[in-house]
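Participant: My structure is below; once you've seen it, I'll send some questions.
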Amino acid sequence: MRLSCLSVVLPTVLLSACIVEAPGGASEAERRQATVQQVPPLALKSGANLGEKVELVGGSVTPGRIVKGEPARVTVFFKVLQPILEDYTIFVHLEDSEGKMERMNIDHKPSGGIYPTTQWKPGETVRDDFNIYIPPGSSVRSVTLWMGLWEPRSDTRMKLTNPEAVRNDGKDRILLAQIPVAP
């Protein structure tokens, strides 16, 4: 907690004021909710290194394919390597692998917004969950899930530092999965 005080002496009065900075960010309970002690076995492994600060360990899609009209749950895990000085948004691009639908952006703040990247601590593994959805009646047979970290104020993506080791598009987007869509 930070305390700042100011005193001003006027000819007949002494004015004094203190500002107590309120604690900010995630509470300890929220931090525990957003992190895991051990990553469960993953169906989708990545190992993408973003800016030498974060590793996208991998994730899972439940169920293993998308049923049109029903949400599928995606869970991803980020291992924190170094402190992050900016609040990044997780960008998610869902694209039809056959080019029949427009890209869906499922960008969101990490861990439901309770644990911003500036609070991530080296050594932690942060869990992030989100849903993907294909409307009923869509002709899509499979989708490609791209993701990464994006800083909205400067409109920049965190750089993929090991592009030769992971599937990517050369534009700092990581190919996490190609997911079948049930007929």
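Participant: Looking at (1) over 16 Å from PRO180 (Cβ atoms); (2) open to solvent by 40 Å² or more (accessible area, probe 1.4 Å); (3) part of a strand (DSSP E or B); (4) without any contact (Cβ under 8 Å) to a residue 60 or more places away in the chain, which is the only condition PHE77 fails?
Facilitator: All conditions are met except number (2).
Participant: For the condition touching a Gly at 6+ places or on another chain (Cβ under 9 Å), touching a residue at least 24 places away in the same chain (Cβ under 8 Å) and closer than 11 Å to ILE132 by Cα, what is the one hit in GLY47, GLY69?
Facilitator: GLY69
Participant: Among the residues of the range 115-148, how many are open to solvent by 20 Å² or more (accessible area, probe 1.4 Å) and either within 11 Å of the chain's Cα centre (by Cα) or of a type in the set (Lys, Arg) (or both)?
Facilitator: Qualifying residue count, the range 115-148: 5.
Participant: Looking at the range 46-74, which of the residues that are among the small types (Gly, Ala, Ser) and outside any strand (DSSP E or B) is most open to solvent (accessible area, probe 1.4 Å)?
Facilitator: The selected residue is GLY64.
Participant: Could you go through the range 149-168 and let me know if any residue there is surrounded by 15 or more Cβ atoms within 10 Å (Cβ to Cβ), out of contact with any strand residue (DSSP E or B) (no Cβ under 6 Å at 6 or more places or on another chain), at pLDDT below 95 and on the phi < 0 side of the Ramachandran plot.
Facilitator: no
Participant: Taking the conditions exactly as written (at pLDDT below 95 and under 15 Å from the mean Cα position of the chain (by Cα)), does GLY99 satisfy them or not?
Facilitator: So GLY99 fails the test.
The values are calculated or read from the model by the stated rules, or taken from the named source; none is laboratory data. Small disclaimer: the values here were computed from a predicted structure and weren't measured. When we count neighbours, we look across all protein chains shown, and the Cβ atoms used for this are built from the backbone with ideal geometry, even at glycine. To get the accessible areas, we keep the full protein, side chains included, count just its heavy atoms, and leave off ligands, DNA and RNA. Shrake-Rupley method; radii C 1.70, N 1.55, O 1.52, S 1.80 Å.
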